[in-house]
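Just so it is clear, none of the values below were taken in a lab; they were calculated from the coordinates. It should be emphasised that the depicted structure is a prediction, and the values quoted were computed from it without experimental measurement. Cβ sites come from the backbone with ideal geometry, for glycine too, and all protein chains shown count toward neighbours.
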Amino acid sequence: MADAAITVEEARKTYGGSGAKNGRPALDGLDLTVARGTVHAVLGPNGAGKTTLVRILATLLRPDAGRIEVAGHDVVREAYAVRLRIGLLGQHAALDEELGGRQNLELFGRLHHLGARRARARADELLERFELSATGRKPVKQYSGGMRRRLDLAASLITEPEVLFLDEPTTGLDPRGRAEVWGSVRSLVGGGTTVLLTTQYLEEADQLADRISVVDAGRVIADGTADELKAATGGDRIDVVLRDAGHLGAAVALLPVPQDVVTVDTDRRLLSAPVTDRMATLAGVVRALEDAGIEAEDIALRRPTLDEVFLHLTGPDDRVKEAA
Amino acid sequence: MTTYALTDSWTMTRRELARWGRQPVTVVVNLVFPVMLLLMFGYLVGGGRGVSGEYLDFLVPGMLALTMAFGLEGTMVAVTQDLTKGVIDRFRSMPMANGAVLVGRSAADMLQSALGLAVLLAVAAALGWRVNGGPAGFLGAVGLLLLFRFAMLWIGIHLALVAGKPELVQAVQILVWPVGFLSNAFAAPGSMPDWLGTVVQWNPLSQTATAVRDLFGSPGGEPGHVWAAVVWPLALLAVFFPLAVRRFARLSR
Ligand SMILES: Nc1ncnc2c1ncn2[C@@H]1O[C@H](COP(=O)(O)OP(=O)(O)O)[C@@H](O)[C@H]1O
Ligand SMILES: [Mg+2]
């Protein structure tokens, strides 16, 4: 794609070298294309290879194989050109803990060769923007988690990068911190920056991203917009909330689907099942419940949540086996 | 990008200086610690076995060399901290000169060690210690000490890059003591059992201490020992400098 900000073809990486014995590949032929000016979410569980991918894209790690370009430059052969054009917010803060917030930003500004005056001005600007001006002098080790994250984000924006990588930007933040980061990401995209963010939160991908790649065991197992992913995996669902939890068992038998695809939530007195023919199913379920004398509080058709999509894609059975 | 090598190295050095400004207590403790050792061994422990002449004159060069050796620890702690705090990742993802991270580290550590030497020499002078050699000998001795420190620096960088964990730093912090004591910093090897004396004489720390004693005109100096105090650190550098540089480049593996 000519206007791709990020191109990853068949990326492979095994830690300890590609010939490493019994080394499970962290990236196992991963493909990814991110269009300029969009937000792309890489969604996957712990250990899926998200950080490995980000570190390769940010020139911190060499891939074993694959063609990988960021902002039109090869991450291995043209690492310097890539570094000129990217910003990185790693999974863990990458700051000098002893120095103050302003000192950190000035340091990074100088290392971006802004020159002393511009580095200072830029530091002030960013502190202001991320509401850190008041604490700019305090050493970073005294910062709260949210402040640290904001400063880290500010540090990755010193030169207004073309492409910004955010590795699990909101993991470990409270809801307020999360909302702040989301706000920052949205405002960045208005400015034309391409953002690749990784997350374990389906809601986050849904909220922020134009497109989502679902990654598991070092590969992309699904790719598309949130709506496309939902449509691709099982279509719509019907939710039935009963007045009396005692009727859940009987109601399951009334649904026009195999019993093993119905999920039952006893606390919420809720049944949920995939449907193919929306209206016929709805009408049929309403009638069957009425005939059986089971009172329903609510019946609704809806799109599947990303959680359901994710479980469907990664296969809950495999996951259980691996964990055991 | 090489055009920025100097600027970036200077920026990284200044970063260290800024860190000193943030931790004045640590800096002072680091400077005072060797002084404390000097006072302890000079006046409390009552060492000086096998030393002819003033013990202080013998001890001061030993303490200077020991301080340089212990600098390894400081280097290791700093590099490990950068690694574990992830800030090295940010440096490596930026369009800065590749070597500046290590050059900045070296420059700052050398500066700190030079300062440490100055403080120790000043305290020793106040205690009545005197150089018997000329100014050229004095400068030569300082040069040998800094060369030794430079070798320790690159060993420290290498070890930190290999281990990358605070646990190993602790191990090294403990291990530098026996290495420090298995030297002629406090006592003449002639006073030790043969095998121990041999180990002690081969210790690079002893080579530097002996040469410095020679150049200062202190007891325990051996004429013609300067070459060993040049060759040993250079040999260590020849091994550990490329290893450390390679390790640094291999952070991307
Ligand atoms: N430095 C490393 N050395 C060895 N294995 C690693 C290293 N980093 C990650 N891994 C392994 O690579 C796989 C992918 O890890 P990672 O990219 O961190 O996943 P994620 O960020 O999605 O949680 C995991 O199996 C992990 O154990
Ligand atoms: Mg990760």
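Taking chain A as a Gaussian network, where each spring joins two C-alpha atoms under 10 Å apart, which residue of A:Val240, A:Val140, A:Val214 fluctuates the most?
A:Val240
What share of all Cα pairs of segment A:4-231, in percent, falls into each consecutive 5 Å distance bin?
1, 7, 15, 18, 19, 16, 12, 8, 3, 1, 0
With a sphere of radius 11 Å drawn around the Cβ of A:Pro25, what net charge do the other residues whose Cβ falls strictly inside it have (Lys, Arg +1; Asp, Glu -1)?
Net charge in that neighbourhood comes out at +2.
Can you grab the distance from the C-alpha centre of segment B:205-227 to the C-alpha centre of segment A:159-202, Å, no decimals?
61 Å
Name the most mobile residue of A:Ala26, A:Ala58, A:Ala231, meaning the one with the largest mean-square fluctuation, in a Gaussian network model of chain A with Cα contacts below 10 Å.
Highest fluctuation of the listed residues: A:Ala231.
Find how many whole Å separate the alpha carbon centroid of segment B:113-177 from the alpha carbon centroid of segment A:214-284.
Value for the Cα centre distance between the two parts: 70 Å.
Using only the alpha-carbon atoms of segment B:1-160, report the extent along each of the three principal axes, biggest first, to the nearest angstrom.
Dimensions of segment B:1-160 along the principal axes of its Cα atoms: 57, 31, 27 Å.
Would you work out which of A:Ile68, A:Gln200, A:Ala119 lies farthest towards the positive end of the dipole of segment A:4-231, given +1 charges on the beta-carbon of Lys and Arg and -1 on that of Asp and Glu, about the Cα centre?
It is A:Ala119.
Mind putting a number on the dipole of segment A:4-231 about its Cα centre? Charges go on the C-beta only, +1 for Lys and Arg and -1 for Asp and Glu, and I need it in Debye to the nearest 20.
It comes to approximately 780 debye.
In degrees between 0 and 90, to the nearest 10, how far off the longest principal axis of chain A does helix A:145-156 point, with axes built from Cα atoms?
60 degrees
Can you give the mean number of other chain Cβ atoms that lie within 10 Å of the Cβ atoms in peptide A:154-161?
1
Using the 10 angstrom Cβ neighbour count as an exposure proxy, how do A:Phe165, B:Phe91 rank, fewest first?
The fewest-first ordering by Cβ neighbours comes to B:Phe91, A:Phe165.
Mind checking the dipole of segment B:8-151: about its Cα centre, +1 per Lys or Arg Cβ, -1 per Asp or Glu Cβ, Debye to the nearest 20?
With Lys and Arg at +1 and Asp and Glu at -1, about 320 debye.
I'd like the distance between the alpha-carbon centres of segment B:65-92 and segment A:120-145, rounded to an integer number of Å.
Computed from Cα coordinates, the inter-centre distance equals 26 Å.
Can you show me the helix-derived [θ] at 222 nm for the protein assembly as shown, built from DSSP H runs with n ≥ 4 at -39,500 (n - 2.57) apiece and divided by the number of residues, rounded to the nearest 500.
Roughly -17000 deg cm²/dmol at 222 nm, from the helical runs in the protein assembly as shown.
Treating only the Cα positions of the protein assembly as shown as identical point scatterers, give the base-10 log of I(q)/I(0) from the Debye formula at each q in 0.08 Å⁻¹.
So the normalised log intensities are -0.69.
When B:Trp154, B:Trp20, B:Trp232, B:Trp177 are ordered from fewest to most other Cβ atoms inside 10 Å of their Cβ, what list results?
B:Trp177, B:Trp20, B:Trp232, B:Trp154
For chain A: lysine pairs with Cα atoms under 30 Å, gap of 8 or more or different chains, count?
Here the count comes out as 10.
Using a Gaussian network model of chain B with C-alpha springs under 10 Å, which one of B:Leu115, B:Leu161, B:Leu153 is most mobile by mean-square fluctuation?
In this elastic network of chain B, the residue with the biggest mean-square fluctuation among B:Leu115, B:Leu161, B:Leu153 is B:Leu115.
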